[in-house]
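Asks: After the structure tokens below, expect a handful of questions from me.
The values are calculated or read from the model by the stated rules, or taken from the named source; none is laboratory data. Being a predicted model, the structure only gives us computed values, none of them experimental. Here the Cβ positions follow ideal geometry from the backbone for every residue, glycine too, while neighbour counts run over all protein chains shown.
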Amino acid sequence: MQIPSRRYVTLAVILALSVAASLRAADPPEKAGQGAAEKWLALVDAGKYAESWDAAASLFKKALTKEQWVDSVGKARAPFGKLESRRLLGAKLLHEAPGAPPGDYVVMQYEARFAGQTAVETITPMKDGDAWRVSGYYVRPGK
């Protein structure tokens, strides 16, 4: 039995890593946006509002200061109470969003159940540099 040379083993490892990376890169933008949105929402759900601002897209940070965000999201979420569940209603990929520069955006809506009442959350992750980050969030009472 012949043992492969180090060069061939190294080449095989590099090839396997590049195939894995290309498969991850092939994920649809909606899936990448959803992953970013759900990680970000977990910060908001935990009351980590300042951390959610830190993790947001640069466009988000240009729109309001950390202090403004902490104040506004605290007031918006307080009436709903603790999150019980969240279900994705839909996601749509856009290359232009009202009032925003051209880019890749995923507008997502979730039905959220909070302490006996429902709400609709609209969250917009965007491609920000090399990562998907949240550029907008809005919550309103459900029907």
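Asks: So, ALA57, is that one modelled with pLDDT of 95 or more, under 12 Å from VAL134 (Cβ atoms) and out of contact with any helix residue (DSSP H, G or I) (no Cβ under 7 Å at 6 or more places or on another chain) or not? Break it down into steps so the answer makes sense when it comes.
Replies: On the way: modelled with pLDDT of 95 or more: yes; under 12 Å from VAL134 (Cβ atoms): yes; out of contact with any helix residue (DSSP H, G or I) (no Cβ under 7 Å at 6 or more places or on another chain): yes.
So ALA57 fits the description; yes.
Asks: A follow-up question, please. Residue under question is TRP132, and the condition is that it be under 15 Å from GLU30 (Cα atoms) and either modelled with pLDDT of 95 or more or out of contact with any helix residue (DSSP H, G or I) (no Cβ under 8 Å at 6 or more places or on another chain) (or both); does it hold? Give the derivation first.
Replies: On the way: under 15 Å from GLU30 (Cα atoms): yes; either modelled with pLDDT of 95 or more or out of contact with any helix residue (DSSP H, G or I) (no Cβ under 8 Å at 6 or more places or on another chain) (or both): yes.
Answer is yes for this residue.
Asks: Would it be correct to say that ARG87 is at pLDDT 95 or above and more than 14 Å from the chain's Cα centre (by Cα)?
Replies: Numbers: at pLDDT 95 or above: yes; more than 14 Å from the chain's Cα centre (by Cα): yes.
Considered against the rule, which asks whether it is at pLDDT 95 or above and more than 14 Å from the chain's Cα centre (by Cα), ARG87 comes out as yes.
Asks: Restricting the first residue to the stretch 46-71 and requiring it to be over 17 Å from ILE123 (Cβ atoms), which pairs with a second residue that is of a type in the set (D, E, K, R) and part of a helix (DSSP H, G or I) meet a Cβ separation below 7 Å and a spacing of at least six or different chains?
Replies: As it stands, the answer is ALA50/LYS66, since those pairs meet every condition given.
Asks: If you don't mind, another one. Collect the residues in the stretch 72-96 that are of a type outside the set (Phe, Trp, Tyr) and either assigned to a helix (DSSP H, G or I) or touching a Ser or Thr at 6+ places or on another chain (Cβ under 7 Å) (or both), keeping them in residue-number order.
Replies: Result: SER72, VAL73, GLY74, LYS75, ALA76, ARG77, ALA78, PRO79.
Asks: I would also like to ask the following. Please specify each residue of the stretch 75-117 satisfying the condition of being closer than 21 Å to ALA57 by Cβ and in contact with a Phe, Trp or Tyr (Cβ under 6 Å, 6 or more places away or on another chain).
Replies: Residues satisfying the conditions are ARG86, LEU88, LEU94, ALA97.
Asks: Quick one: in the stretch 108-134, which of the residues that are of a type in the set (A, V, I, L, M, F, W, C) and under 10 Å from the mean Cα position of the chain (by Cα) is surrounded by the fewest Cβ atoms within 10 Å (Cβ to Cβ)? It would help to see each step written out before you state the result.
Replies: If we filter the stretch 108-134 for residues that are of a type in the set (A, V, I, L, M, F, W, C), which is where we start, we get 108, 112, 114-115, 119-120, 123, 126, 131-132, 134.
Checking which are under 10 Å from the mean Cα position of the chain (by Cα) leaves us with 108, 123, 126, 131-132, 134.
Values: MET108: 23, ILE123: 24, MET126: 27, ALA131: 12, TRP132: 24, VAL134: 26.
Filtering first and then ranking leaves ALA131.
Asks: For the stretch 52-105, how many residues meet the condition of being among the hydrophobic types (A, V, I, L, M, F, W, C) and in contact with a Pro (Cβ under 6 Å, 6 or more places away or on another chain)? Talk me through it step by step, then tell me what you get.
Replies: Residues of the stretch 52-105 among the hydrophobic types (A, V, I, L, M, F, W, C): 53, 55-57, 59-60, 63-64, 69-70, 73, 76, 78, 80, 83, 88-89, 91, 93-94, 97, 100.
Then keep just the ones that are in contact with a Pro (Cβ under 6 Å, 6 or more places away or on another chain); that gives 93.
Within the stretch 52-105, residues that are among the hydrophobic types (A, V, I, L, M, F, W, C) and in contact with a Pro (Cβ under 6 Å, 6 or more places away or on another chain) number 1.
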